[in-house]
1. With the requirement that a residue be of a type in the set (A, V, I, L, M, F, W, C) and closer than 20 Å to Asn66 by Cα, what does region 16-34 give you?
2. Kindly provide the set of residues from region 31-50 that are within 11 Å of Leu2 (Cβ to Cβ) and among the aliphatic types (A, V, I, L, M), ordered by number.
3. Please determine whether any residue of region 44-55 is under 11 Å from the mean Cα position of the chain (by Cα), of a type in the set (D, E, K, R) and surrounded by 13 or more Cβ atoms within 10 Å (Cβ to Cβ).
4. Give the residues of region 58-74 that are without any contact (Cβ under 8 Å) to a residue 60 or more places away in the chain and closer than 13 Å to Phe5 by Cα, sorted by residue number.
5. Quick test of your reading of the structure: Ala72 fulfils all but one of (1) closer than 24 Å to Gln17 by Cβ; (2) at pLDDT 85 or above; (3) of a type in the set (A, V, I, L, M, F, W, C). Name the failing condition by number.
6. Only one of Thr18, Thr25, Thr32, Thr40 is in a helix (DSSP H, G or I), more than 11 Å from the chain's Cα centre (by Cα) and hydroxyl-bearing (Ser, Thr, Tyr); which?
7. Which one of Leu19, Leu65 is open to solvent by 90 Å² or more (accessible area, probe 1.4 Å) and hydrophobic (A, V, I, L, M, F, W, C)?
8. Can you tell me which residue among Asn13, Asn54 is at pLDDT below 90, part of a helix (DSSP H, G or I) and closer than 15 Å to Glu1 by Cα?
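The values are calculated or read from the model by the stated rules, or taken from the named source; none is laboratory data. This one's a predicted model, so the numbers in the text were calculated from it and none came from an experiment. FYI the Cβ positions are ideal-geometry reconstructions off the backbone, even for glycines, and counts take in every protein chain you see. Ligands, DNA and RNA are stripped out before the accessible areas are found, and what is left, the full protein with its side chains, is counted by its heavy atoms. Shrake-Rupley method; radii C 1.70, N 1.55, O 1.52, S 1.80 Å.
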Amino acid sequence: ELKLFTLDNTVRNAINQTLATKGGTKIPDIGTYHWYWSSTELNHKYGRVVYMYNGDTYASSKHGLNYVRAVAVF
């Protein structure tokens, strides 16, 4: 789902409009240099992150400092 936010402009724009009306911070546009944790846990040491620059996903140490995006049904 987080990767979909990155790659689909229509989805990201719709979510950002809702976030703006609720006082939230928008999901970064593609091409921004942010790493966000996904909910995917690989094992007790690693989790999956999404690189907002291009939507790629990577394994990352759980000790890494990355952004978090809470997602809820609107």
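1. Ile27, Ile30
2. Val49, Val50 - these are the residues of region 31-50 that are within 11 Å of Leu2 (Cβ to Cβ) and among the aliphatic types (A, V, I, L, M).
3. yes
4. Listed by number, the list holds a single entry, Ala70.
5. In the conditions (1) closer than 24 Å to Gln17 by Cβ; (2) at pLDDT 85 or above; (3) of a type in the set (A, V, I, L, M, F, W, C), Ala72 misses (2) alone.
6. None of the other options fit; the residue is Thr18.
7. Leu65
8. Asn13
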